[in-house]
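Quick one: structure below, then a few questions.
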Amino acid sequence: MHQAKTDSQAVDFSMHQGWEQVDSQRRKFVYQWGSQQDYDATVLISHGLGEHGGRYMRLAQDFAAHGLRVVCFDQQGHGKSPEKRGCVDSYESMLDDIGAMLQWIGREKPTVLFGHSMGGNLVMNYTLRRNFQPACVIASSPMIEAVRPPARPLEFLLRCLMRLVPNRCISSHTKPEKLMSDPSEQAALRNDEVFHSSLSLRLGAALLDSGRWLLQNNPSPPVPLLLSHGSADQKTCHKASIRFAELTHENCQLEILADHMHDPFRDVDREEALEIFFRFI
């Protein structure tokens, strides 16, 4: 387990942000925390639906205190990215973005790929479908299956509509009190002017399809995977994470956090989730 650095060891808790040309085709808005020279590994964060990299300040500082460099980027249709809110070019292009970020970070030190909610779906699918791999992966409350998925007739109608207007957006009906138990974190989300609750029909269908793919293909991760999920999650189904772990016999560690909500690392008793992350890394 990574131990927190002592007071005598300088830790950069400030957030450095700006546009970066991560490859010849991609320019991303990137957030960075921690030392750029004296670090044990890099944590690359893939954020959740409606979020942006700046929402991971507190978690990133926890990682930085344990000698880790942290990098996060705004997904397509999120944060400072130029696309319409909640809209993406394609699901595959989102996996391409993760691969480009891993290449940009480089292999000088190990990289931990961390994804939460929608980001958890993305990092799991990236790891199982792509060749350029991190050292290990953490999927926090991954969107494998929604707690209340659309009824099949409604899903059929929405897919028909998607063929005509793929960037038509619907609301994710996000309520802070249903995501985390810490009142200060709930207030921070309510006051976050960059956060949004929109997803396009294209993105919604892609998340449904990619979650089903995880459960139907019985894949074994090529690198160690930590699957962490709160049992009181009201957004993404923790039982789907259990089913995935039961289908996967190698390289998958399942941790169900009793009574934790969708964002365990933003709950009042967040230390339990952090302990699991640090012990895995």
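The values are calculated or read from the model by the stated rules, or taken from the named source; none is laboratory data. Worth saying up front: this structure is predicted, and the values here are computed from it rather than measured. FYI the Cβ positions are ideal-geometry reconstructions off the backbone, even for glycines, and counts take in every protein chain you see. Remember, those area values only see protein heavy atoms, side chains included, never the ligands or the DNA or RNA. Shrake-Rupley method; radii C 1.70, N 1.55, O 1.52, S 1.80 Å.
Consider Cys72 carefully, then state whether it is of a type in the set (A, V, I, L, M, F, W, C), within 25 Å of Asp192 (Cβ to Cβ) and assigned to a strand (DSSP E or B).
yes
Could you tell me which of the residues Gln61, Gln103, Gln32, Gln36 is open to solvent by 10 Å² or more (accessible area, probe 1.4 Å), touching a strand residue (DSSP E or B) at 6+ places or on another chain (Cβ under 8 Å) and in a helix (DSSP H, G or I)?
Criteria check complete, one pass: Gln61.
Considering only the stretch 142-187, state which residues are hydrophobic (A, V, I, L, M, F, W, C) and within 18 Å of His116 (Cα to Cα).
Answer for the stretch 142-187, where residues must be hydrophobic (A, V, I, L, M, F, W, C) and within 18 Å of His116 (Cα to Cα): Met143, Ile144, Ala146, Val147, Leu179, Met180.
Mind checking which strands (runs of 3 or more DSSP E) fall wholly inside the stretch 106-172 and carry at least 1 residues that are crowded, with 24+ Cβ neighbours inside 10 Å and modelled with pLDDT under 95?
Here the list is empty.
Further question on the same structure: Could you check the stretch 179-208 and list, in sequence order, the residues that are assigned to a helix (DSSP H, G or I) and surrounded by 15 or more Cβ atoms within 10 Å (Cβ to Cβ)?
Glu185, Gln186, Ala188, Leu189, Leu201, Arg202, Leu203, Gly204, Ala205, Ala206, Leu207, Leu208
Collect the residues in the stretch 224-238 that are open to solvent by less than 20 Å² (accessible area, probe 1.4 Å) and outside any strand (DSSP E or B), keeping them in residue-number order.
Correct list: Asp233 only.
Could I ask something else about it? (1) surrounded by 17 or more Cβ atoms within 10 Å (Cβ to Cβ); (2) part of a helix (DSSP H, G or I): which one isn't true of Arg243, the others all being true?
Only one criterion is unmet by Arg243, namely (1).
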